[in-house]
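Data block below; observations after.
The values are calculated or read from the model by the stated rules, or taken from the named source; none is laboratory data. It should be emphasised that the depicted structure is a prediction, and the values quoted were computed from it without experimental measurement. Glycine gets a Cβ as well: all are built from the backbone with ideal geometry, and neighbour counts include every protein chain shown.
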Amino acid sequence: METVLGRYKNLIVLVGVLFVQVLGLAVQVKRTTDTDSSRLIRIWAVGAISPLEKALVWTQTSTGNLWHNYLYMRGVRAENRDLKLQIEQMRIEQVRMSQDADQARRLQALLAFKEQFISQTMAAQVIGSTGSEQSRAVYLDKGEKDGIKADMAVITADGVVGKVLHAYRSTSLVLLISDQTSGVGAILEKSRLQGILRGLPSGEIGLERVMSDEQVPAGELVLTSGGDRIFPKGLPIGRVTRVSPGSDLFLNVQVKPTANLSKLEEVLIVTKVDERQATPDQTVSLRAADVLAERLPTVPPKPAEASSTPATGAALQTGTVVEGKQAQPKPKAPAPPPSGAAVAVPVPRKVVKQAPPSGTVDPVTTGSAKEPSQEAVKPADEPKPQPPPQDPPQ
Amino acid sequence: MALTYTSGEQVEVYRFGIPATVLIPLMAVFLQAWVPVRLPFFSIFDLPLLVTISFAMARRSQVAGIFTGALIGLFQDALTGQHIGLYGISKTVVGFGASSLGIKLDVENAGARLLLTLVFYVVHEVVYFTIARGLVSLHLAWSWQHELGSAVANAVLGVLLYALLDRLKQRT
């Protein structure tokens, strides 16, 4: 007996070790809840690796910040100028979209729709990955002590990233949408076809359950449908790259994620999603005209006295409506400006187009923001500069 | 007496010191987790597998190979989002196989190392996919083209890594 055991010792050890691991796998498969028996092993493993990852990421970030924020400032002015221009364009776009959104909300309110919206997010940094092609997931530097829980959605400005799979004390594991075991409820932006997004071995994602008799154009945007109760509805996921006939009755729709999943650095964890019934926005919406008016060339700020003195200013003379009130008629004898500078007539920045008198150019609706505004600043018949009074009027 | 767990029964058996035995697998798992965040293509490599093969071939002890593979694999499993044991079982098999071949073949040659690593990578992936599909019901897709490409890449990296690790091993 001893000879047999000695002869096959290695094989017995191999079978024993394999058996224990298979048994462990069977237990894990049986227990599908998160409070599984393997949690302790995971905590130990993550605890051994993540401090080093955090230290390296911190060092890298600090060095990068020092270089980019203090040493390497080349091109910052040009970038700043470009960004300002971009902000202006986006503000105009925002006004247009807010009007569309208002309209949509009114319609949803009529239909008693309930909408989901992201009410709270937390920024987190990617500190590591699983390092496995079979498990596409990343580790974040935020965990349970920061309020992170399993099944929270993780996004970037570009689109959906994934969901929190395990939350540990100071780190969390995020399953990417490109993982083969993930699933996201999705809807196509224009055709409104619904399906389930799953990861493919290539790292792309595929939209499943789209019937083969449907038309899916390449390039169409894929959004979250909200049906999985994890991702709020309407977040961008990716764009359709290829459509081919698949097996059974379904199409093979390949989607390229809009978020760059292979180079994630900072992400947002959606920590709170509220659901409320849609109500039309009661607040006064900002109009494109208002935005343009705010962008007019800088005008000296309105003195306090001037606002209470209706007798001064070219705005009154030209009959421009100020703050929604009709201007007073032109006084017979214009009073001297309080500051003594006749040109520096206070003009309100919000110039709206209510009933301009004949000959007055609406600075907003003409599309030319600069010249009309100057026209508005310039009185029709400019008063002659007068010496400032010794005692300014109260 | 040096603190090692190498058997020392065979001729040309090597051992690694305790610090190397602990730190090298830890470093391999750490790099495997950290580098792909910066260099995404790095995920085609499997550094823990290469360390398992290297340790198993150098020690030429099947029991040591089994436990080395099992521990490294379980540690790697614990970092993934999947069930613990998939990498553990795969690397146990590879550890046993590599140490068994290490007894019979000359594994000091770079060509032999390249070929063995290539074969063991494929074995590792076959075992992994078989367990994932058969026991855990994971729907993982198999691509021969991808797996062979990864096997070649790992084999090339393996030859370089083994040369590096040779400096740390000590003759018993």
(Q) Name the residue that is farthest from the chain's Cα centre (by Cα), counting only residues in the stretch B:32-41 that are more than 8 Å from chain A (Cβ to nearest Cβ) and part of a helix (DSSP H, G or I). (A) B:ARG38
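What's the total number of residues in the stretch A:206-223 that are outside any loop (DSSP other than H, G, I, E, B) and either touching a Pro at 6+ places or on another chain (Cβ under 7 Å) or within 14 Å of another protein chain (Cβ to nearest Cβ) (or both)? It would help to see each step written out before you state the result.
As a first pass, look at the stretch A:206-223 and keep what is outside any loop (DSSP other than H, G, I, E, B): A:206-208, A:211, A:221-223.
Adding the requirement that they be either touching a Pro at 6+ places or on another chain (Cβ under 7 Å) or within 14 Å of another protein chain (Cβ to nearest Cβ) (or both) leaves A:206, A:208, A:221, A:223.
Number satisfying all stated conditions: 4.
Regarding A:GLY203, is this residue in contact with a helix residue (DSSP H, G or I) (Cβ under 9 Å, 6 or more places away or on another chain) and assigned to a loop (DSSP other than H, G, I, E, B)?
Details: in contact with a helix residue (DSSP H, G or I) (Cβ under 9 Å, 6 or more places away or on another chain): yes; assigned to a loop (DSSP other than H, G, I, E, B): yes.
Here the answer is yes, as A:GLY203 does meet what is asked.
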Q. Given the conditions (1) within 13 Å of chain B (Cβ to nearest Cβ); (2) touching a residue at least 40 places away in the same chain (Cβ under 8 Å), and given that A:LEU175 satisfies all but one, which numbered condition is not satisfied?
A. (2)
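Go through the residues of the stretch A:238-261 one by one and say whether even a single one is in contact with a Pro (Cβ under 6 Å, 6 or more places away or on another chain) and either in a loop (DSSP other than H, G, I, E, B) or of a type in the set (S, T, N, Q) (or both). Before you say what the answer is, go through the steps one by one.
Here is the first cut: in the stretch A:238-261, the residues in contact with a Pro (Cβ under 6 Å, 6 or more places away or on another chain) are A:238, A:258.
Applying the additional criterion that residues be either in a loop (DSSP other than H, G, I, E, B) or of a type in the set (S, T, N, Q) (or both) yields A:258.
Yes, the conditions are met somewhere in the stretch A:238-261.
Name every residue in the stretch B:123-150 that is surrounded by 14 or more Cβ atoms within 10 Å (Cβ to Cβ) and either of a type in the set (Val, Ile, Thr) or closer than 26 Å to B:PHE16 by Cα (or both), in order of residue number.
Taking the stretch B:123-150 and keeping what is surrounded by 14 or more Cβ atoms within 10 Å (Cβ to Cβ), we get B:123-129, B:131-132, B:135-136, B:138, B:140, B:146-148, B:150.
Within the stretch B:123-150, B:VAL123, B:HIS124, B:VAL126, B:VAL127, B:ILE131, B:VAL136 qualify.
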Q. Only one of (1) more than 14 Å from chain B (Cβ to nearest Cβ); (2) on the phi > 0 side of the Ramachandran plot; (3) not acidic (Asp, Glu) is not met by A:GLY203, so which one is it?
A. (1)
Q: Any chance you could count how many residues in the stretch A:252-282 are touching an Asp or Glu at 6+ places or on another chain (Cβ under 9 Å) and modelled with pLDDT of 80 or more?
A: 11
Q. Within the set of pairs 6 or more residues apart or between chains, which connect a residue that is at positive phi inside the stretch B:42-60 to a residue that is outside any helix (DSSP H, G or I) and of a type in the set (D, E, K, R) with Cβ atoms less than 8 Å apart?
A. B:ARG60/B:GLU12
Q: Confirm whether A:GLY128 is touching a residue at least 60 places away in the same chain (Cβ under 8 Å), within 30 Å of A:ILE49 (Cβ to Cβ) and over 22 Å from the mean Cα position of the chain (by Cα).
A: yes
Q. Hey, does the stretch A:105-124 have a residue that's surrounded by 15 or more Cβ atoms within 10 Å (Cβ to Cβ) and within 30 Å of B:LEU26 (Cα to Cα)?
A. yes
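Give the stretch B:64-113 a look and list any residue that's touching an Asp or Glu at 6+ places or on another chain (Cβ under 7 Å) and at the interface with chain A (Cβ under 7 Å from one of its Cβ atoms), or say none. Give the steps one after another, and end with the answer.
Going residue by residue through the stretch B:64-113, those that are touching an Asp or Glu at 6+ places or on another chain (Cβ under 7 Å) are B:84-88, B:112.
B:ILE84, B:GLY85, B:GLY88, listed by residue number.
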Q: Quick one: which residue in A:GLY162, A:GLY131 is buried (at least 21 other Cβ atoms within 10 Å of the Cβ) and either at pLDDT below 90 or in contact with a Phe, Trp or Tyr (Cβ under 8 Å, 6 or more places away or on another chain) (or both)?
A: A:GLY131
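So which of B:SER54, B:SER43 ends up being at pLDDT below 95 and over 21 Å from A:GLU53 (Cα atoms)?
Values: B:SER43 fails: over 21 Å from A:GLU53 (Cα atoms).
None of the others qualify; the one that does is B:SER54.
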Q: Among the numbered conditions (1) in a loop (DSSP other than H, G, I, E, B); (2) more than 14 Å from chain A (Cβ to nearest Cβ), tell me where B:VAL136 comes up short.
A: (2)
Q. Within the stretch A:224-268, can you find the residues that are within 14 Å of chain B (Cβ to nearest Cβ) and farther than 28 Å from A:LEU173 by Cβ?
A. A:GLY246, A:SER247, A:ASN252
**Q.** Positions within the stretch B:139-172 being more than 14 Å from chain A (Cβ to nearest Cβ) and not in a helix (DSSP H, G or I), in sequence order
**A.** B:ARG167, B:LEU168, B:LYS169, B:GLN170, B:ARG171, B:THR172
